[in-house]
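Engineer: Below you will find the structure I want to go over with you.
The values are calculated or read from the model by the stated rules, or taken from the named source; none is laboratory data. Everything quoted here is computed from the prediction, not taken from an experiment. Here Cβ is always computed from backbone atoms with ideal geometry, including for glycine, and neighbour counts include all displayed protein chains. Areas reflect the complete protein model, heavy atoms only, side chains present, ligands, DNA and RNA absent. Shrake-Rupley method; radii C 1.70, N 1.55, O 1.52, S 1.80 Å.
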Amino acid sequence: MNKPASLTDRIVRSKVWQSVFRQGYPDTAENQSKVMMNTWFLHIHPVKVRRHTLKLTYTFGLGVISFFLFVVLVVTGAWLMLFHVPSVERAYTSIQSLETSVPFGILARNMHRWAAHLMVLTVFLHLCRVFFTGGYKRPREFNWVVGVVLWVTTLLLSYTGYLLPWDQLSYWAVTVGTNMVGSFPGIGESVRIALLGAKEVGQPTLTRFYALHIAILPLVMTILVGIHFWRIRKDGGLSAPVAEPSGKRAEGPSK
Ligand code: HEM
């Protein structure tokens, strides 16, 4: 006589469960792979990963930490945008009132600042980790180049954000920085004026830096991070140490 189906079996075989998850409970290798491939939240992960890539000391999780900080910056930045006014007359006071009269205003501002500082550090350390583990070599050259652009975008995001509070520090940092650009032979002065939108730092500069900081650069970063993660999958997961226990350097795309 057949054993009556358990409650779990009945749920897993029910039409409601299958319409959402489309495969059985992940208790066999096949179902485990299907869960990874067919679940929206998990499909970013490969079905199989090489053991050494799970070792904390191989990546120190620096790429993931950088991504996490980017998410924190987007969330806290969206909150700050509701209160910051990108005008030379009102930017400074809008930041002051954010700190004194907006609930969690100081917290949001400091989280945004600290996450930005930390992201510069973690992206740089991630770049160093990739370099020292040889992660830039074939077939990952393209992803290395994407990474370099991500690094420059991270710095530009920090720099453009610096002007937005419109305090003395911001004003002079942007004046000095753009003067340095201006001293570049040939195109320097034209680039300086293109950045400032005028002959010196003023409202057009604030408008440009604001547009770059809240829309253009975050969009570039989002697209590039998407390409970066997609390339990691297409390049066969993370790079392998030169001498694996098997003596082989594992390559080839992950399934
Ligand atoms: C916004 C900045 C960045 C984010 C969010 C990011 C994210 C990641 C993540 C999550 C990984 C998986 C491994 C790990 O966590 O270390 C990774 C790998 C990689 N990243 Fe980045 N990354 C960024 C910037 C960079 C930069 C600046 C470079 C180099 C110039 C770079 C080059 C690479 C390469 C080549 C790999 C594959 C490494 C390997 O196979 O060992 N990334 N990145």
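Engineer: Carbon and sulfur together cover what percent of the accessible area of the range 28-72 at a 1.4 Å probe radius?
Structural biologist: With neighbouring chains kept in place, the figure for the range 28-72 is 71 percent.
Engineer: Note the count of lysine pairs whose C-alpha atoms are less than 24 angstrom apart in the chain, limited to pairs 8 or more residues apart or on different chains.
Structural biologist: 18
Engineer: In Å², and per residue, what accessible area does the range 56-234 have when probed at 1.4 Å with the other protein chains present?
Structural biologist: Spelled out: the 1.4 Å probe surface of the range 56-234, per residue, equals 57 Å².
Engineer: May I pose another question? Which chymotrypsin sites (Phe, Trp or Tyr not before Pro) does the range 33-64 hold that lie in a coil by DSSP with at most 12 other beta carbons within 10 Å? Walk me through the numbers on the way to the answer.
Structural biologist: Working: sites: 40, 41, 58, 60; in loops: 40, 41, 60.
Those satisfying the criteria are 40, 41.
Engineer: Follow-up. How much net charge surrounds residue 25 when only the other residues with a Cβ under 14 Å from the Cβ of residue 25 are counted, with Lys and Arg +1 and Asp and Glu -1?
Structural biologist: Details: positive: 10, 13, 22, 34; negative: 9, 27, 30.
Once positives and negatives cancel, what remains is +1.
Engineer: Right, next: With each pseudo-label sitting 7 Å past Cα toward Cβ, what's the residue 37-residue 110 distance in nm, one decimal?
Structural biologist: 4.9
Engineer: Now for a different question. Give me the one-decimal nm value for the distance between modelled label points at residue 16 and residue 216, 7 Å along each residue's Cα-to-Cβ direction.
Structural biologist: Modelled inter-label distance: 5.1 nm.
Engineer: Separate question: Once amide H atoms are built 1.01 Å from N in the peptide plane, which residues 5 or more positions from residue 236, or in another chain, come under 5 Å H to H?
Structural biologist: Amide H neighbours of residue 236: 254.
Engineer: Here's another thing I want to ask about it. Residue 79: accessible area at probe 1.4 Å, nearest 10 Å²?
Structural biologist: About 90 Å², ignoring ligands and nucleic acids.
Engineer: Hey, another quick one. Whole number please: convex hull volume per residue, Cα atoms of the range 153-233, in Å³.
Structural biologist: On the way: hull volume 7.9 nm³, N = 81.
Looking at the range 153-233, the number lands at 97 Å³ per residue.
Engineer: Let me ask something additional. List the residue ranges in the chain for DSSP H helices whose C-alpha atoms run 24 angstrom or more along the long axis and whose Kyte-Doolittle average is -0.5 or above.
Structural biologist: Details: long enough: 62-81 (28 Å, 2.48); 105-132 (40 Å, 0.99); 141-163 (34 Å, 1.20); 217-234 (25 Å, 1.02).
Those that clear 24 Å and a mean of -0.5 are 62-81, 105-132, 141-163, 217-234.
Engineer: Please sort 113-121, 131-139, 183-191, 220-228 by packing, taking for each peptide the average over its residues of neighbouring beta carbons within 10 angstrom, highest first.
Structural biologist: 113-121, 220-228, 131-139, 183-191
Engineer: So, one more: Using only Cα atoms, figure out Rg for the chain and give it as a multiple of 2.2 N^0.38 Å.
Structural biologist: Details: Rg = 24.3 Å, N = 255, 2.2 N^0.38 = 18.1 Å.
Normalised by 2.2 N^0.38 Å, the Cα Rg of the chain equals 1.34.
Engineer: Give the ranking of 140, 90 by solvent-accessible surface, highest area first, calculated with a 1.4 Å probe.
Structural biologist: Details: 140 20, 90 135 Å².
Ranked from most to least accessible, the order is 90, 140.
Engineer: With +1 on each Lys and Arg Cβ and -1 on each Asp and Glu Cβ, how big is the dipole of the chain about its Cα centre, in debye rounded to the nearest 20?
Structural biologist: Numbers: 26 positive and 12 negative charges, 267 e Å.
Dipole size: approximately 1280 debye.
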